[in-house]
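Student: Take a look at the following structure, please.
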Amino acid sequence: MRLTVSSVLLITLILCVLHSVPIVYAENGGDWQVTTTKKAPPPEQKLPQPPLPEPPLPEIPDPPPPPPEPEKPKAQAFSFAVYGDSHTYPDTHGKILDLICARKPAFIINTGDVVFNGLNDKEWRKFKQITEKVSNIPLYGTIGDHDKHVPFFVANYDTVDQSTWYSFKYENCIFIVIDTIDDFSPSSYQYSWITNQLHTVAASNTESKIFIIAHNAPYSTGAAGDENMQTALVPLFKQYHVNAVLTGHGEYYEHIYNDGIDYFITGGGGAPLSEQSKTAEWSRTFNSVHHYLYISVDNDIIDVQAYSEDDALLDAVNLSEQSDNSE
């Protein structure tokens, strides 16, 4: 059976329709030809992909601990001497100063009554002459009832600046010098000044050691006890944790420990000696002898030693141990 061109085209058309193949007619030299091309497949449909999980957050390490606070520099250890009531016997006064000088203290404190009559300029000149031997060591004064005349008192101490109460600092210690001859009642200017000095030390948080220097003493089994000090000042001493109170007025050596505070009466610098007149449980040591104190401070350790005019050891007190034993 011979197929005509028309039959072939018809068959091709039917097959293309059945197989979804597009038909292209081309004219070539006057003859019709049928060229079939396959239809390009539709672009591949991509299925939606689930979202990728978020990468985990990087672990944040804990901040490093703060660097340790640098240690506070330790104060240098030092020593100082204390004596008082040095009037009347200049030879004894000079001998006491010779013994003190031999120990080479950082400074010296006198607790008052360096002359018998504070209005007598001749006595002050004699005091200046005797203390010339310690001119290379700072000498701090405390006015006593015999000293009286403030201008003479101020003029004879290079460390005293126009006032009979003042304070100074040395290493980790604060020294507050008060005038127990002047008014120190709670309504007085001096009382406000003392309170402010103690409060300033407490607020500084420097763990400073506090020494109170005065002529009169609040307690004594001799003649030096001052009840006004017990009423007005001792509560301040206790409130602000004073380490020691160094006084004179009584011509003897006495160590008193009362209600957590050490009191030392050092009035044996050259005046006629006096005796004990009563006893009390707070009086630890009493000795009627010319003497001086030598106090060593090494940060928290405070050692007080009393030496006679022959340089014999009379008493030794460690203030830290005193505090520990009282608890």
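The values are calculated or read from the model by the stated rules, or taken from the named source; none is laboratory data. The structure displayed is predicted, hence computed values, not measured ones. Here Cβ is always computed from backbone atoms with ideal geometry, including for glycine, and neighbour counts include all displayed protein chains. For accessibility, only protein heavy atoms count, side chains too; no ligands or nucleic acids. Shrake-Rupley method; radii C 1.70, N 1.55, O 1.52, S 1.80 Å.
Student: I'd like to know if segment 284-295 contains one or more residues that are open to solvent by 50 Å² or more (accessible area, probe 1.4 Å), within 19 Å of G222 (Cα to Cα) and of a type in the set (S, T, Y).
Tutor: Taking every residue of segment 284-295 in turn, none turns out to be open to solvent by 50 Å² or more (accessible area, probe 1.4 Å), within 19 Å of G222 (Cα to Cα) and of a type in the set (S, T, Y).
Student: Considering segment 119-158 alone, what residues qualify as being over 21 Å from I96 (Cα atoms) and touching a helix residue (DSSP H, G or I) at 6+ places or on another chain (Cβ under 7 Å)?
Tutor: Matches in segment 119-158: D121, F152.
Student: So which residues in segment 236-279 are under 32 Å from the mean Cα position of the chain (by Cα), among the charged types (D, E, K, R) and either under 13 Å from A217 (Cα atoms) or in a loop (DSSP other than H, G, I, E, B) (or both)?
Tutor: The answer is E254, D259, D262.
Student: Another one. Restricting attention to segment 184-229, report how many residues are under 22 Å from G250 (Cβ atoms) and open to solvent by 70 Å² or more (accessible area, probe 1.4 Å).
Tutor: Number satisfying all stated conditions: 3.
Yes/no matrix, rows are residues, columns are (1) within 29 Å of C173 (Cβ to Cβ); (2) modelled with pLDDT under 90:
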site: P67; (1), (2): no, yes
site: K74; (1), (2): yes, yes
site: D85; (1), (2): yes, no
site: G141; (1), (2): yes, no
site: H149; (1), (2): no, yes
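Student: I've got another one for you. Which one of these does D98 not meet: (1) in contact (Cβ under 8 Å) with a residue 60 or more places away in the chain; (2) over 17 Å from F264 (Cβ atoms); (3) not in a loop (DSSP other than H, G, I, E, B)?
Tutor: The number of the failed condition is (1).
Per-residue answers, yes or no, for (1) out of contact with any strand residue (DSSP E or B) (no Cβ under 7 Å at 6 or more places or on another chain); (2) part of a loop (DSSP other than H, G, I, E, B); (3) closer than 30 Å to E71 by Cα; (4) in contact (Cβ under 8 Å) with a residue 12 or more places away in the chain:
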| residue | (1), (2), (3), (4) |
| --- | --- |
| Q190 | yes, no, no, yes |
| F211 | no, no, yes, yes |
| H215 | no, yes, no, yes |
| G222 | no, yes, no, yes |
